[in-house]
Amino acid sequence: MTGTQESAAAEDFQAAVAGLTVPALIERNATEHGERPALTSAPDADGNTSTLTWAELRERAAEFSEGLVALGLEPGDRMLTMMSSRPEHWIVDYGAQHARAIPCTAYATLSTEQIGYVAAHSAAPIVVLEGRQEIERWQPVLADLPALRHVIVVEEADCVVIGEAAHGKQFLPYSAVVAIGRERLASNPSLFEQRWRQIRAEDPVGMMYTSGTTGDPKGVVLTHLNVLYEAEVVDSITPVADFPDTIAYLPLAHIAERELSLYGSVMKVAHVHLCPDPRQIVGALGRVHPVGLFGVPRIWEKLVAGIQGLLKVAPPEQREAFERAHAVTLEAFDLRAAGKHVPEELAQAVEEADRTVLAPARALLGLDKVTRATSGAAPISVETLRYLNGLNLPLMELWGMSETSGAATVCTPDANRVGTVGRPIPGVELKLGDDGEVFVRGPIVLAGYLQPDGSVQSPLDADGWLATGDVGTIDADGFLTITDRKKELIITSGGKNIAPTLIESHLTTHPAVGFAAAIGDRRPYVTALIVLDPDVFPAEAVHSPEARAAVDQAVENANAKLSRVEQVKKYTIIAGPWTPDTGEVTPKLSLRRRVIVDRYADVIDEMYALAEGAGEEELHA
């Protein structure tokens, strides 16, 4: 596509979402497609689910919205939510939007200290909590939150335990707020309709707090235009039919799930199936057979490990048939990825392999209807990407962040250059700073960061560019490759600049490795701290010979793909676990490097003890 064509396409997308807001689209869905399913809960202990139609979802959101207004929620106020993926979460978020407030989901894994920070910074007058577990973690900081007036509790039995007030805050059961709103709607429904119709496309649709890997979390404020433009463009790149079945399994505090399941679902009149526990995604795939699936690399790596585990116990003839089908499909994929022609004979062989072997395998996994499979949030290994494309699953990598409403660059079926995160989506521009930092500009870029006084301050420079903090390269064809975070580069004592995430992504490709932290800043060589995957090696087996052998293999595999200075010379297995609660990783499971380096300083020093007085060449000749 030429520059002129790209500009015209961007204008078309702008026109397609001009003036639209999420509440306006919800009204359209309720009016034109009211009987279609919108939300289905996760199965209960007996396997039962409940479903809300689009008409029912809008009615519930309207009732809750009016309840919030009755409690004093004003336009522009922030409202925090902490609960799992259940229908009430969608109702609460949409309800706040209709009240012209700014909803924000806090990660359920935040510590009490972190809760205190985001609650104080947001100055939210109302928070919505799921139940006892959330209440217990909020109680120690309630007295320090003067702006907070009401705590709404979804699990009503837990609300009764607390009573009507604590630390001067009114505790209300969710049903009571709904009842208040229902009464207000019955007496004067026009107030609700008038209120949401005042929302403009440029107004805030929601807020997310960054994970705070390099400092305090920031409140990222996005607009209706931001998120709807993103949804429109992504759907144009890899289209799916209207009324698709999708699965929501990531937390709504994550930009990916908000964009896909709160905003994009409204555009497509989707049927969203809820999966509150990401560990249950395999079972959900088998029930739903979605048309699209976004996953962080670890999800895809687990899928590959599961397939390979099944193959090991499959009868030899089935295993050999799969391997032949996979090899021929991968051969064709590699040709297409390199921009080369796939010979007719090979194309026919792929078609036959898919019909007889691969399509049934994808159906068994619940992936047979997937036409949009994407990976993001962290680097995915080339091996994982190629393996799944060899299954004829069209997995493509993308890059983006909360500040860009999700994907800013994507690989596409026609331009899937493995190892890159693709080219900018229409209407989005990229440039590199002198130090390789990636800058982005376009209609998906945030309105700004929330300030303590309630204002929203734009971080863009005078020309509209956002400094992302990511470091990368752009090739002659415009494909972006992310090499690292600007603040995370390792600079060895020999002056070598090394990207730790590259090393870590190769290590975590092995199914036994849950987390890996590459160490080496101002050190003579690279080492690694390894935390094993508890699904592969339970706690009691962490230091077993089998675990050591598995990590030896993981390091050997990774080193084979790395340059000499990047290779891991030593490693230590850490008992773990690393979780947001223990502090080594963020709620998005990104490494908190400062915490890790401080906490394991003695272990790290021990790995470098032999290097004193010796250069890297002497030690590793």
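For the stretch 265-356, with all protein chains present and a 1.4 Å probe, just round the carbon and sulfur fraction of the accessible area to a whole percent. The C+S portion of the solvent-accessible surface of the stretch 265-356 is 57 percent. Bridges between two residues of the chain, per DSSP, are antiparallel at a rate of about 55%. Near Ala528, once Lys and Arg are set to +1 and Asp and Glu to -1 for all other residues with Cβ below 10 Å from its Cβ, the sum equals +1. Note on the stretch 243-358: with charges restricted to the Cβ of Lys and Arg (+1) and Asp and Glu (-1), its dipole about the Cα centre is near 520 debye.
Once every DSSP H run of n ≥ 4 in the chain is given -39500 (n - 2.57) and the sum is divided by its residues, what mean residue ellipticity at 222 nm do you get, rounded to the nearest 500 deg cm²/dmol? About -11500 deg cm²/dmol. Extension gain for Ala15 to Asp521 (0.36 nm times residue separation, less C-alpha to C-alpha distance): 177.3 nm. Label sites at Ser544 and Ala120, each approximated as a point 7 angstrom past Cα along Cα to Cβ, lie 4.6 nm apart. Here the calculated FRET efficiency for Gln194 and Asp44, from their Cβ-Cβ distance with R0 = 60 Å, stands at 0.95, rounded to the nearest 0.05. Principal-axis analysis of the Cα atoms of the chain puts helix 22-32 at an angle of about 70° to the longest axis. What FRET efficiency would be calculated for the residue pair His33, Ala609, taking the C-beta separation as r and a Förster radius of 60 Å, to the nearest 0.05? FRET efficiency, His33 to Ala609: 0.35.
Counting 0.36 nm for each residue step from Glu323 to Lys561 and taking away their Cα separation leaves a gain of 83.4 nm.
Straightening the chain between Thr51 and Arg599 buys 192.6 nm, computed as 0.36 nm per residue apart minus the Cα-Cα spacing. Each residue, Asp463 and Lys431, gets one label point 7 Å from its Cα in the Cβ direction; the gap between the two is 0.2 nm. Each peptide among 235-242, 356-363, 100-107 gets the average number of other Cβ atoms lying within 10 Å of its residues, and from highest to lowest they stand as 100-107, 356-363, 235-242.
The angle between the Cα long axis of helix 344-353 and the main principal axis of the chain comes to about 60°, on a 0 to 90 degree scale.
Cross-link reach is defined here as a Cα-Cα straight distance under 29 Å, omitting same-chain residues fewer than 8 places apart; for Lys561 the lysines meeting it are Lys302, Lys312, Lys340, Lys431, Lys486, Lys487, Lys496, Lys569, Lys570, Lys588.
Most tightly packed first, judged by the mean number of other beta-carbon atoms within 10 Å of their residues, the peptides 437-443, 465-471 read 437-443, 465-471. Take each peptide in 49-55, 37-43, count the other Cβ atoms within 10 Å of every residue, and average; sorted highest first, the result is 37-43, 49-55.
If the viscosity is 1.306 mPa s and the temperature 10 °C, what Stokes-Einstein diffusion coefficient in µm²/s follows for the stretch 1-158 when Rh is the Kirkwood radius over Cα pairs? Translational D for this selection: 90 µm²/s.
Distance between the pseudo-spin-label points of Gln133 and Gln308 (7 Å out from Cα toward the beta carbon): 3.1 nm.
One way to sum up the overall shape of the chain is the equivalent ellipsoid from its Cα gyration tensor, whose semi-axes run 40, 30, 25 Å, largest first.
The values are calculated or read from the model by the stated rules, or taken from the named source; none is laboratory data. All values derive from a computational prediction rather than experimental measurement. Here Cβ is always computed from backbone atoms with ideal geometry, including for glycine, and neighbour counts include all displayed protein chains. Remember, those area values only see protein heavy atoms, side chains included, never the ligands or the DNA or RNA. Shrake-Rupley method; radii C 1.70, N 1.55, O 1.52, S 1.80 Å.
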